[in-house]
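To keep things clear, I will list the structure first and then write my remarks on it.
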Amino acid sequence: MVYTTPIALEDTMTQTPALKVQPAVQTTEFEQAESQMIEQLQAGSEFVEIEYPPCNLESQEPPLETELHLRQIILLIQMLEYLWQDRQDFYAFGNLTIYYSLNQKKSEEFRGPDFFVVLDTERKTRKSWTVWEEGGKYPHVIIELLSDSTQKVDREEKRHIYQDVFRTPEYFWFSPDTLEFKGLALVDWHYQEIQPNENGWFWSKQLELFLGIHEGKLRFITPEGEMAPTPQEVAQLEKQQRAIAEQKAQRAEQQLETEHQQKEAAERQNEILKAKLRELNIDPDTL
């Protein structure tokens, strides 16, 4: 692999704005997005050495190795898009080719991280990430998912490319099979290990989020320690909240009905007592 110097690289160490978690969008929109992501992530195409106009470069990434890898990538995309649903200044996707040839040729230099995030860019659909069409921007955060066939490349070759060529500020790798998890941050142009907190989470300065393992999955976690939800979890929570609200409304209605019945019973008893007093020639109204 021939390493090249990044073109027009901007300061990649700038932190992102503070995190703001917004209300959930409609579940159907997430389902549609998930379906589109699955189709794109699974669609691996055989490499053909043809030069295309820059704006038409498409991803050349092969299919993912296992279902675990596919689901993990979708999970990362969905969580970040939920957390940042009101932001329009980032791009996050997975298994998508990054073209970075200085000669602006598709056949020369390219890589396809399993998941990456670029900050301070337009949020829109892309066929690939083409550096010379994106103002020289490289990913600010990259996550690779280890597998038997890729772990050596992910730990060594890609580490050097992301450090020396991409100058990506933060690089993480995670194994969906063994749960191996490591974080690296660019310090003085070299990667140094990020130290986990007491929960085993790694802090990402670029995303202003923690990354941690929960139930065998790599998850984003807010600075307050709250797990970033998936669309399914959001839908389930909303369902539970609706059920609780309905139960409260039913209990309130039942309480009102009970009070009404008790009032009517008291009034009937009072009328019976008045009738008996009148039978004794006693005016109840004078008592």
- Could you give me the residue pairs with C-beta distances under 8 Å whose first residue belongs to the stretch 227-250 and is touching a residue at least 24 places away in the same chain (Cβ under 8 Å), whose second residue is among the basic types (Lys, Arg) and open to solvent by less than 70 Å² (accessible area, probe 1.4 Å) wherever it lies, and which are 6+ apart or on separate chains? ALA228/ARG219
- Query: Taking the stated definitions as given, is LEU75 open to solvent by 10 Å² or more (accessible area, probe 1.4 Å), hydrophobic (A, V, I, L, M, F, W, C) and at pLDDT 95 or above?
  - Reply: yes
- Message: Testing TRP173 on (1) more than 21 Å from the chain's Cα centre (by Cα); (2) at pLDDT 95 or above, one condition comes back false. Which one is that?
- Response: (1)
- Residues satisfying the stated conditions in the stretch 130-152, i.e. open to solvent by 40 Å² or more (accessible area, probe 1.4 Å) and assigned to a helix (DSSP H, G or I): GLU133, GLN151, LYS152
- Message: Would you confirm whether or not the stretch 90-110 contains a residue that is hydroxyl-bearing (Ser, Thr, Tyr) and either on the phi > 0 side of the Ramachandran plot or surrounded by fewer than 16 Cβ atoms within 10 Å (Cβ to Cβ) (or both)?
- Response: yes
- Over the stretch 153-190, the set of residues closer than 18 Å to LEU68 by Cβ, in contact with a helix residue (DSSP H, G or I) (Cβ under 6 Å, 6 or more places away or on another chain) and assigned to a loop (DSSP other than H, G, I, E, B) is PRO176
- Message: Quick check on this structure: which one of GLN236, GLN241, GLN262, GLN269 is surrounded by 11 or more Cβ atoms within 10 Å (Cβ to Cβ), of a type in the set (S, T, N, Q) and in a helix (DSSP H, G or I)?
- Response: GLN236
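The values are calculated or read from the model by the stated rules, or taken from the named source; none is laboratory data. Worth saying up front: this structure is predicted, and the values here are computed from it rather than measured. Methodologically, a virtual Cβ is constructed for each residue, glycine included, from the backbone with ideal geometry; neighbour enumeration extends over all protein chains shown. With ligands, DNA and RNA removed, areas are computed over all heavy atoms of the protein, side chains included. Shrake-Rupley method; radii C 1.70, N 1.55, O 1.52, S 1.80 Å.
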